[in-house]
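Beneath this line is the structure, given in structure tokens, with notes to follow.
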Amino acid sequence: MTSTAKSNHEFFLKADLGQYTGEWVAICANRVVAHGNDVKQVAEEAQRLCGSRKFLLAHIPSNETMIF
Amino acid sequence: MTLSFKYRDVPRANETRAISPSIPIILSNGGTRFELIALVDSGADVSAIPRRTAELLGLNLAGELEKAFGIGGSVPAIQSSMTVEIGKPHERYVLRVPVKVVMNDQDFSPLLGRAGFFDEFIITFDSRQKKVVLKRR
């Protein structure tokens, strides 16, 4: 994977994404470029905004979510 | 050669926190590919993704609807398969893995379960160092 992809992951690890709980986010160039409940819409918006740059999709679980 | 990924520190209810072995992967199907964060789930027999993620990838959802069981009960699911790319610039692997597509409206991070994935790596969950390490068999 590219260094761009790596930096998207590093941003994901460090960022406070609490405002997006329950949503999908798209991360590109060290910021959240799109978010929402529909992963397809979020991906399409990220493709439009990021152009040729890679973006990372992540689902942000609610604080109440405990995964067994 | 090994792949090492830091855990993500995540907030939970009542101002507690947990750490999560969430790693970046590329899911692809034909010419469609997206990078997503997936949860490495040693408790899952098989990988799982939500219906809308499967539709994003254009996975074949023509299979028979069946029940998949978890701690919270059963959910409707269809058996399919997807391609998982995992790696870093120095090391990268491409695997075809079976996946249960959960056909209700639940949304969740893709879960990387044992079938077809854990078979391919020796996986170490290092909670103290807050990292998950994958070594190719």
Taking amide H positions as placed in the peptide plane 1.01 Å from N, state which residues far from residue A:36 in sequence (5 or more) or on other chains have amide H under 5 Å from it.
A:24
Counting partner chain Cβ atoms within 10 Å of every residue's Cβ in B:33-41, what's the average?
5
Under a 5 Å amide H to amide H cut-off, with H placed in plane at 1.01 Å, what residues pair with residue B:8 once short-range neighbours are removed?
B:20, B:22
Karplus-derived HN-Hα couplings along the stretch B:26-42 (A = 6.51, B = -1.76, C = 1.60, θ = phi - 60°), whole Hz, x at Gly and Pro
10, 9, 9, 7, x, x, 8, 8, 9, 8, 9, 8, 10, 9, 7, 10, 5
Applying 1/(1 + (r/R0)^6) with R0 = 25 Å to the Cβ-Cβ distance of residue A:62 and residue A:13, what FRET efficiency is obtained, to the nearest 0.05?
0.85
For residue B:81, distant residues with modelled amide H under 5 Å away:
B:60, B:99
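Assign one of three labels to the protein assembly as shown, namely rounded, prolate or oblate, based on the Cα gyration tensor with a ≥ b ≥ c the square roots of its eigenvalues; rounded applies when a/c is under 1.5, prolate when it is not and a/b is larger than b/c, and oblate otherwise. Don't jump to the answer; show the numbers that get you there.
Values: a/c = 1.14, a/b = 1.09, b/c = 1.04.
Rounded, since a/c falls under 1.5.
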Low-density loop GluC sites (Glu not before Pro), the stretch B:41-137, at most 15 other Cβ within 10 Å, DSSP non-H/G/I/E/B, are B:64
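How much net charge surrounds residue B:92 when only other residues with a Cβ under 11 Å from its Cβ are counted (Lys, Arg +1; Asp, Glu -1)? Working shown, then result.
On the way: positive: B:88, B:136; negative: B:85, B:91.
Combined, the nearby Lys, Arg, Asp and Glu give 0.
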Would you mind computing, in nm to one decimal, how far apart the modelled labels at residue B:2 and residue B:108 are, each placed 7 Å from Cα along Cα→Cβ?
2.8
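Considering only lysines 8 or more places apart in sequence, or on different chains, count the pairs in chain B whose C-alpha atoms sit under 17 Å apart.
Details: B:6/B:88; B:6/B:130; B:6/B:131; B:6/B:135; B:67/B:100; B:88/B:131; B:88/B:135.
Here the count comes out as 7.
Among DSSP beta bridges whose residues both lie in the protein assembly as shown, state the antiparallel percentage, nearest 5.
Working: 54 of 62 bridges.
Within the protein assembly as shown, antiparallel bridges account for around 85 percent of the total.
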So for R0 = 35 Å, FRET eff. of residue B:128-residue A:38 from the Cβ-Cβ r, to 0.05, ends up at 0.40
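I want to verify the translational diffusion coefficient of the stretch A:3-59 in µm²/s; compute it with Stokes-Einstein, Rh as the Kirkwood radius over Cα pairs, at 25 °C and 0.890 mPa s.
Numbers: Rh = 11.0 Å.
After rounding, the answer is 223 µm²/s.
Since every read-out is calculated from the coordinates, none of them should be taken as a lab result. What you see is a predicted model, and the numbers here were worked out from it, not measured in a lab. We place every Cβ from the backbone using ideal geometry, glycine too, and count neighbours over all the protein chains shown.
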